[in-house]
Amino acid sequence: MRMLQCPVCKHQVSLKQAASTKKVNGIFMLQCAHCKQWSHENHKAAVVKNLGLTLLITGSVIGYFQLGGIITGPLIAVIGGVIAVATLLGVPRAIYSGT
Ligand SMILES: [Zn+2]
């Protein structure tokens, strides 16, 4: 599942474990249950992650219909999945300084 880390104390934050959640200007915020710090997804990471997810879905569709041979679709899907997971794990969440 989603492995999200608090940018301050590195405590794991997820929808289930978050102390609280809210939306600010359409951005989804999670409050760390450990240090009460609010954080949200890095904007650039979110864009790249969505790109990866799009590739994943596109590749799955191509693979399903076997367009361009049996390897093209799954290959695109795997690349997309790796991009999505890498950004999710590799880019730290942004600290939200508001209240
Ligand atoms: Zn924390």
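None of the figures in this text is laboratory data; all of them are computed from the coordinates on show. Small disclaimer: the values here were computed from a predicted structure and weren't measured. Positions of Cβ are generated from backbone atoms using ideal geometry, with glycine treated the same way; all protein chains shown enter the neighbour counts.
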- Within the set of pairs 6+ apart or on separate chains, which have a first residue in segment 25-44 that is farther than 12 Å from R93 by Cα and in contact (Cβ under 8 Å) with a residue 12 or more places away in the chain, a second that is in a loop (DSSP other than H, G, I, E, B) and within 10 Å of the ligand (Cβ to nearest atom), and C-beta atoms under 6 Å apart? A33/A19; H34/C9; H34/H11; C35/V8; C35/C9
- Among the residues of segment 1-12, the number that are more than 7 Å from the ligand (Cβ to nearest atom) and either touching a Lys or Arg at 6+ places or on another chain (Cβ under 8 Å) or among the hydroxyl-bearing types (S, T, Y) (or both) is 3
- Item | segment 16-50 - residue that is of a type in the set (A, V, I, L, M) and under 11 Å from the mean Cα position of the chain (by Cα) and, of those, nearest to the ligand (Cβ to nearest atom) | A45
- Message: Can you pull out every residue in segment 1-24 that is touching a residue at least 40 places away in the same chain (Cβ under 8 Å) and under 24 Å from G81 (Cα atoms)?
- Response: R2, M3, L4, Q5, C6, P7, V13
- Message: It is to be established whether one or more residues within segment 36-50 are over 21 Å from A84 (Cα atoms) and hydrophobic (A, V, I, L, M, F, W, C).
- Response: yes
- Of the residues in segment 1-52, those that are in contact with a Cys (Cβ under 8 Å, 6 or more places away or on another chain) and polar (S, T, N, Q) come to Q12, Q37, S39
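At least 2 residues that are surrounded by fewer than 13 Cβ atoms within 10 Å (Cβ to Cβ) in each: list the strands (runs of 3 or more DSSP E) lying fully within the chain that qualify.
Values: elements: 20-24, 27-31, 38-40.
Here the list reads 20-24.
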